[in-house]
1. Would you mind ranking 120, 130, 153 by Cβ crowding within 10 Å, fewest neighbours first?
2. In the P(r) worked out for region 47-153, what percent of Cα pairs fall beyond 21 Å?
3. Between residue 161 and residue 63, take the C-beta separation as r, use R0 = 22 Å, and let me know the FRET efficiency to the nearest 0.05.
4. Which of 113, 77, 71, 101 has the fewest other C-beta atoms within 10 Å, and how do the rest follow up to the most?
5. Using Cα centres only, tell me the gap between region 97-136 and region 153-175 in whole Å.
6. Could you tell me the ratio Rg/Rh of region 98-175? Both radii from Cα atoms, Rh via Kirkwood.
7. Under 16 Å from a point 7 Å along the Cα-to-Cβ line of residue 72: which residues of region 108-130 have their amide N that close?
8. Based on alpha-carbon positions alone, could you give the equivalent ellipsoid semi-axes of region 74-124 from the gyration tensor, as √(5λ), descending, whole Å?
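Only the coordinates and a few stated rules stand behind these numbers; no lab work does. Small disclaimer: the values here were computed from a predicted structure and weren't measured. Glycine gets a Cβ as well: all are built from the backbone with ideal geometry, and neighbour counts include every protein chain shown.
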């Protein structure tokens, strides 16, 4: 019975630790800054100058040559590994008594960590499209982007928008 009580305490403490890591954004009601009244706005300092212009983007045109579904790898944030290690350690600690319990906890933590990381990666995978585009210049470009609302087929006219090392494909309207 004491080992079950200990396991329950460990799980509760782990859950509290993980919950403490969760971040709530500033959009929650209590985190908003108070709104200024029109009179306060009049007395405020002059508005700052407009922000600098954004980076220029390059636009190229072409035709879809082929499309295939691919899978983008999932994330490995460490949450899965930590949760797996905790659960594996608790489960492994229930095996045996004394030194056997400690060895079981260590082995359970290692195995649980590896399993948790693999599960997290699998659960966060995303479908994407690899779109092969023949540009108007005759060059071929392969772009991988997440599946969105647009569908692409061979022969579709598209534009490629590139900026900051990222390219996306947009379908042109049919005439």
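1. Fewest-to-most ranking of 120, 130, 153: 153, 130, 120.
2. Details: 3564 of 5671 pairs.
Beyond 21 Å sits 63 percent of the P(r) for region 47-153.
3. Values: r = 16 Å, r/R0 = 0.73.
Result of the calculation: an efficiency of 0.85.
4. On the way: 113 21, 77 12, 71 9, 101 15.
So the residues, fewest neighbours to most, are 71, 77, 101, 113.
5. So the separation of the two Cα centres works out to 34 Å.
6. Values: Rg = 22.8 Å, Rh = 16.5 Å.
Reported Rg/Rh (Cα atoms, Kirkwood Rh): 1.38.
7. Once the point is set 7 Å along Cα→Cβ of residue 72, 121-130 turn out to lie under 16 Å by backbone N, inside region 108-130.
8. Values: eigenvalues 121, 9, 8 Å².
Value: 25, 7, 6 Å, ordered largest first.
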